[in-house]
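A quick write-up on the structure given underneath.
The values are calculated or read from the model by the stated rules, or taken from the named source; none is laboratory data. All figures in this text were calculated on a predicted structure; none of them were measured in a lab. Heads up, the Cβs are rebuilt from the backbone with ideal geometry, glycines too, and the neighbour counts pull from every protein chain shown.
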Amino acid sequence: MRFLQSLGASTISKLTAIGRATLMLFGALVAVPRVKNIPLVIQQLYVVGVQSLLIIMVSGLFIGMVMALQGYTILVDYGAEGSLGPMVALSLLRELGPVVTALLFAGRAGSALTAEIGLMKATEQLSSLEMMAVDPLRRIVAPRFWAGMLAMPMLAVIFSAIGILGGHLVGVDWLGVDSGSYWSIMQSTVDWNQDVINGVIKSVVFALVVTWIAIFKGYDSIPTSEGISKATTETVVYSSLAVLGLDFVLTALMFGIE
Amino acid sequence: MNHSSSSNITCNFLTLASDSKKRTMLKNLNLPLISGSVTVRRHEFCIAFGQFKSNLHNAFCILRVFMQRCLVEGRQQNTMEHLVEIDNLTFSRGDRVIYDGITLNVPKGKITAVMGPSGIGKTTLLRLIGGQLIPDEGDILFDKESIVSMSRKALYKARRKMSMLFQSGALFTDMTVFDNVAFPLKEHTNLADDVIATIVALKLQAVGLRGAADLMPSELSGGMARRAALARAIALDPDLIMYDEPFAGQDPISMGVLVKLIRELNDALNLTSIVVTHDVKEVLTIADYIYILADKRVIGEGTAQQIRDSDSELVQQFLNGKADGPVPFHYPAPELEKSFLGERK
């Protein structure tokens, strides 16, 4: 009986949290974008986007290099090392680019967003904004949301591009795959709509989910040091799980049924 | 009819015509414009008339200010107007009842203090007035309008007329003191940057922090941060300012500065102030009217003298800081003997 009770209570609290999150997103998005707020979005774009560039580029490079190394050892047994280019490019564009970028973004920028908004709440900055007749959803939450939505697809594309170059470095320069076949087979195999655009769509969806979770967890956090640390952890955990789960769903929709 | 319309046309023509044309036209009308003596006399007349006009204007200004003051004072004396009226308010958080039907009025232009032991929800009261929380029952009127039933848009409009000084100051940590004070002006007005700079300088001068304009909030001491926040709170010249524990954790000097600022700003800017605090001594010196809250209701109200003379035990315990009394020293618990015998609850 007690088990049922606690199950019910936790379900209700989860559902109300989802409701609150939707309301928050709605409140932030329904705001008419004002010219005044564009500098805020650009500022946040710098914080979540430009400052994440280094980790994204380094990870992209190494993942591309590892892919080429692993791919080469398998492909060379079948004498198919010429297909290294499309292998690296397709796995990056379709899967690893959007997914790993989203995971890194959740750890690098998402946690920072949660902690920042949570601390603003704890230090009464959000309350004081409200008392100054400035809607914190518009002033604080909306610019961060849009910055995340804009930054992540761009980061994912950069990640894939650097990864392909890393693959080239290992495969062609170190392991001696023919450079011409690396690029030309890649060009003939990779389809713009099927691979590149689908990858970008994935990453837009991940951007929505990760940024939403991050700002909601911050906005809804319990304004104590314990509460904020819990919210930050939850941001990373929930958004990572959501990204991996959604990735399967999106892949099934995009590539599953031909 | 015909005549008037033609003279109108002449007038319009005269105003439209350039100076040289006017001269020739007036010459044709045989007016003695060139004559030296007439010019001198006209000049003198202009000066005299100008002086007369400015004197008259000054007299009118003085008269107007005087009449306004008379009106304001008369109004204050005749009917004690209330800026904030709280009527039979009940509010609870979860199962815990915080207020049970309290009624409280804040007179316009005065400093009203709300005192009470910690943890009875004094800050909650300010949040209720600011419309950040919604009461279970009862009504809160701000300037005769109900905060509770206001639309969101109207609430945001009303909030421009009130401001709140938070206990932590709540300065934006990513902006300098200057930008913090300029923030509400930039958000709510279309003033030019140099005008905003002037206003900010004046507000910071009022709290004595003009020299600290370029510091970041992290570089300020607690008292300075609170003063900077005060400058921000008065940036838009609000009608009402709410102070949440302004004296908590302040050294005697900054406490003195804050007491002085609250009093002086209230009188100079014709504000209405609500001070929520438990610092008895400071409040009794500055407050015009005092409410003491405890046990979910108002247990005492009046001027400082009336409060001092109150015969309520609870009020006296609070004023004199007695450890035990109607507000018990012990948190509710079973008897000590029983707890030794293993009974916890």
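Some points to look at:
- Search result, residues across the range B:166-198 that are modelled with pLDDT of 90 or more and within 16 Å of the chain's Cα centre (by Cα): B:Val181, B:Pro184, B:Leu185
- Criterion: crowded, with 21+ Cβ neighbours inside 10 Å, within 14 Å of chain B (Cβ to nearest Cβ) and at pLDDT below 95 - qualifying residue of A:Met87, A:Met131: A:Met131
- Taking the criterion of being within 14 Å of another protein chain (Cβ to nearest Cβ), in a helix (DSSP H, G or I) and either of a type in the set (Phe, Trp, Tyr) or farther than 21 Å from A:Ile140 by Cβ (or both), the only residue of the range B:186-195 that qualifies is B:Asp193.
- Restricting the range B:158-185 to residues that are buried (at least 24 other Cβ atoms within 10 Å of the Cβ) and aliphatic (A, V, I, L, M), the residue that is farthest from the other protein chains (Cβ to nearest Cβ): B:Val177
- Inclusion of A:Ala80 among residues that are within 14 Å of another protein chain (Cβ to nearest Cβ), out of contact with any Gly (no Cβ under 6 Å at 6 or more places or on another chain), surrounded by fewer than 20 Cβ atoms within 10 Å (Cβ to Cβ) and over 30 Å from B:Leu230 (Cβ atoms) is not warranted.
- Hits in the range A:174-229 - residues which are farther than 30 Å from A:Leu126 by Cβ, in contact with a Gly (Cβ under 7 Å, 6 or more places away or on another chain) and β-branched (Val, Ile, Thr): A:Val177, A:Ile185
- Residue list for the range B:214-235, restricted to those being surrounded by 20 or more Cβ atoms within 10 Å (Cβ to Cβ) and part of a loop (DSSP other than H, G, I, E, B): B:Ile234, B:Ala235
- Yes/no for A:Phe145 being of a type in the set (Phe, Trp, Tyr) and modelled with pLDDT of 95 or more: no
- Out of B:Gly249, B:Gly211, sole residue that is modelled with pLDDT of 90 or more and either touching a strand residue (DSSP E or B) at 6+ places or on another chain (Cβ under 9 Å) or of a type outside the set (A, V, I, L, M) (or both): B:Gly211
- Put simply, of A:Val99, A:Val134 the only residue that is touching a helix residue (DSSP H, G or I) at 6+ places or on another chain (Cβ under 7 Å), under 24 Å from A:Ser59 (Cα atoms) and β-branched (Val, Ile, Thr) is A:Val99.
- Out of B:Val276, B:Val298, B:Val259, sole residue that is touching a helix residue (DSSP H, G or I) at 6+ places or on another chain (Cβ under 7 Å), modelled with pLDDT of 85 or more and outside any helix (DSSP H, G or I): B:Val276
- Residue in the range B:131-151 that is nearest to the other protein chains (Cβ to nearest Cβ), counting only those that are over 20 Å from the mean Cα position of the chain (by Cα) and of a type in the set (Ser, Thr, Tyr): B:Ser151
- Being more than 30 Å from A:Met67 (Cα to Cα) and in contact (Cβ under 8 Å) with a residue 12 or more places away in the chain is a condition met by no residue of the range A:153-165.
- Criterion violated by B:Leu126 - all others in (1) more than 26 Å from B:Ala268 (Cα to Cα); (2) surrounded by 22 or more Cβ atoms within 10 Å (Cβ to Cβ) satisfied: (1)
- Checked against (1) among the small types (Gly, Ala, Ser); (2) surrounded by 17 or more Cβ atoms within 10 Å (Cβ to Cβ); (3) within 12 Å of chain A (Cβ to nearest Cβ), B:Ala206 passes all but condition (3).
- Applying the set (1) within 13 Å of chain A (Cβ to nearest Cβ); (2) closer than 30 Å to B:Arg227 by Cβ to B:Ala154 leaves exactly one unmet item: (2).
- Some residue of the range A:118-126 being of a type in the set (Asp, Glu), part of a helix (DSSP H, G or I) and within 14 Å of chain B (Cβ to nearest Cβ): no
- Residue in the range A:194-217 that is exposed (fewer than 14 other Cβ atoms within 10 Å of the Cβ) and small (Gly, Ala, Ser) present: no
- Residue match in the range A:30-43 (condition: of a type outside the set (Val, Ile, Thr), within 19 Å of the chain's Cα centre (by Cα) and buried (at least 17 other Cβ atoms within 10 Å of the Cβ)): no
- Counting only helices (runs of 4 or more DSSP H) wholly contained in the range B:304-345, the ones carrying 1 or more residues that are farther than 18 Å from B:Ile292 by Cβ occupy B:336-340.
- Of the listed requirements (1) out of contact with any helix residue (DSSP H, G or I) (no Cβ under 8 Å at 6 or more places or on another chain); (2) without any contact (Cβ under 8 Å) to a residue 40 or more places away in the chain; (3) under 25 Å from A:Met120 (Cα atoms), B:Gln250 misses just one: (1).
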